[in-house]
Amino acid sequence: METLASLFSLALLASAVRLTVPVLLAALGAVFSERGGVINIGLEGIMIMGTFFGAVGTYYGGPVVGLLAAVAAGVVFSAVHGLLAITLRVDQIISGVVLNMLAVGLARFLNIMLFGVATQSPGIRGFTPLSIPVLRDIPALKPIAAGISPLIPLALALVVAGHWVLVRTTFGLRLRAVGENPLAADTVGVNVFLMRYLGVLISGALAGMAGAYLSIEQGRGYLEGMTQGRGFIALAAMIFGNWWPVGALGASALFGYFDALSLRVVALNVPYQFLNVLPHIVTILVLAGFVRRARPPAADGIPYAKEEQG
């Protein structure tokens with residue numbers, strides 16, 4: 001009974017919420033990119049850039065500067081992906097893999113240049129924690145209501161805003177149209193290339209923010225390898241969520257829970273090695289069980305060339 005209770009303790013749920021945020025932000029970014037028809041395998045690399053520049057910006061100017069630096073780095077890196085995949089029509093998978101490889105080497109090189117070591121930055125301070133009034137005074141709810149990162153409510157707000165944008169705004173409708181049928185969208189005057197670029201840039205900004213959360217709020221500094229494949233897990237969360245922000249939230253929460261569970265091995269009589277790979281096992285099971293039933297945008301991953309259509 002004690003073991004079962006530990007699986008649903010508020011402390012575990014609070015940890016799950018914290019670990020959900022980076023996957024959620026990256027998955028939300030993937031939704032915008034793929035709704036426009038561009039696969040962004042480079043999310044992992046963009047998150048790496050976010051962790052590095054988030055730490056560097058925070059070290060020199062504070063957490064707000066770090067967050068903005070990470071977002072800017074994500075936008076710049078995703079623009080490279082956009083140039084390759086949208087303008088030059090390079091295979092989108094290859095372009096994303098190149099970004100991932102480039103990010104690892106670039107982060108290491110820049111870290112040596114700035115701090116003289118290859119794999120980590122000096123320690124930094126994160127954002128001032130927030131507490132939810134009333135709920136923080138209830139002892140049972142204190143783990144999830146007191147001392148939380150301000151990026152947690154921001155991430156939840158972005159999910160609501162992202163869903164509203166895709167469903168209710170002209171921009172969202174045009175982005176989805178470009179992802180479903182770019183020729184038809186082009187015929188009625190929608191700039192396919194612009195919409196796809198905007199989708200990719202938004203995905204870069206959100207993935208950069210996800211990386212900043214890891215370095216500023218969790219790691220308190222940059223450490224090589226700290227993303228631990230979360231960019232790829234975010235892609236699985238997006239698929240599990242059927243390419244919608246709210247669905248991505250639910251899927252990310254599932255991964256966050258198993259990630260938190262893998263860190264609480266002391267209280268559970270289960271081999272550490274098994275629990276340590278739980279998030280990745282869940283990712284594989286999700287992809288194996290749901291990818292056939294999921295319905296991506298019809299033109300997802302297909303380059304568009306106006307002069308070749310019609």
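The values are calculated or read from the model by the stated rules, or taken from the named source; none is laboratory data. All of these numbers come straight from a predicted model, not from anything done at the bench. Because the Cβ atoms are built from the backbone with ideal geometry, glycine has one as well, and the counts that use them run over all protein chains shown.
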Could we say that residue 108 is touching a Ser or Thr at 6+ places or on another chain (Cβ under 8 Å), surrounded by fewer than 17 Cβ atoms within 10 Å (Cβ to Cβ), charged (D, E, K, R) and part of a helix (DSSP H, G or I) here?
yes
Name the residues in region 164-195 that are under 20 Å from the mean Cα position of the chain (by Cα) and either surrounded by fewer than 16 Cβ atoms within 10 Å (Cβ to Cβ) or within 30 Å of residue 56 (Cα to Cα) (or both), would you?
164
Subset of region 113-128 that is free of Cβ contacts under 8 Å to residues at least 60 places away in the same chain and outside any loop (DSSP other than H, G, I, E, B) - its residue that is surrounded by the fewest Cβ atoms within 10 Å (Cβ to Cβ):
113
For residue 236: the one exception among (1) closer than 14 Å to residue 48 by Cα; (2) hydrophobic (A, V, I, L, M, F, W, C); (3) buried (at least 23 other Cβ atoms within 10 Å of the Cβ)
(1)
Quick one: residue 46 ticks every box in (1) within 21 Å of residue 228 (Cβ to Cβ); (2) without any contact (Cβ under 8 Å) to a residue 40 or more places away in the chain except a single one, so which number is it?
(2)
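Going by the conditions given, is residue 45 of a type outside the set (A, V, I, L, M, F, W, C) and under 26 Å from residue 236 (Cβ atoms)? It would help to see each step written out before you state the result.
Values: of a type outside the set (A, V, I, L, M, F, W, C): yes; under 26 Å from residue 236 (Cβ atoms): yes.
Against the criterion (of a type outside the set (A, V, I, L, M, F, W, C) and under 26 Å from residue 236 (Cβ atoms)), residue 45 qualifies.
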Considering only region 87-103, state which residues are surrounded by fewer than 16 Cβ atoms within 10 Å (Cβ to Cβ), in contact (Cβ under 8 Å) with a residue 24 or more places away in the chain and either outside any loop (DSSP other than H, G, I, E, B) or of a type in the set (Asp, Glu) (or both).
87, 93, 97, 101
Given the criteria buried (at least 21 other Cβ atoms within 10 Å of the Cβ), closer than 30 Å to residue 14 by Cα and in contact with a Ser or Thr (Cβ under 7 Å, 6 or more places away or on another chain), does residue 74 qualify?
no
Which residue is farthest from residue 58 (Cα to Cα), if the candidates are limited to region 73-92 and must be touching a Leu at 6+ places or on another chain (Cβ under 9 Å) and among the polar types (S, T, N, Q)?
92
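Looking at 43, 67, 28, which is the one that is under 17 Å from the mean Cα position of the chain (by Cα), crowded, with 24+ Cβ neighbours inside 10 Å, under 17 Å from residue 220 (Cα atoms) and not basic (Lys, Arg)? Working first, answer last.
Working: 43 fails: under 17 Å from residue 220 (Cα atoms); 28 fails: under 17 Å from residue 220 (Cα atoms).
Result of the check over 43, 67, 28: 67.
Quick one: which residue in 215, 252 is buried (at least 21 other Cβ atoms within 10 Å of the Cβ), within 27 Å of residue 65 (Cβ to Cβ) and modelled with pLDDT of 95 or more? Before the answer, list the steps.
Working: 252 fails: modelled with pLDDT of 95 or more.
None of the other options fit; the residue is 215.
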Looking at (1) free of Cβ contacts under 8 Å to residues at least 24 places away in the same chain; (2) surrounded by fewer than 17 Cβ atoms within 10 Å (Cβ to Cβ); (3) not basic (Lys, Arg), find the lone condition where residue 84 falls short.
(2)
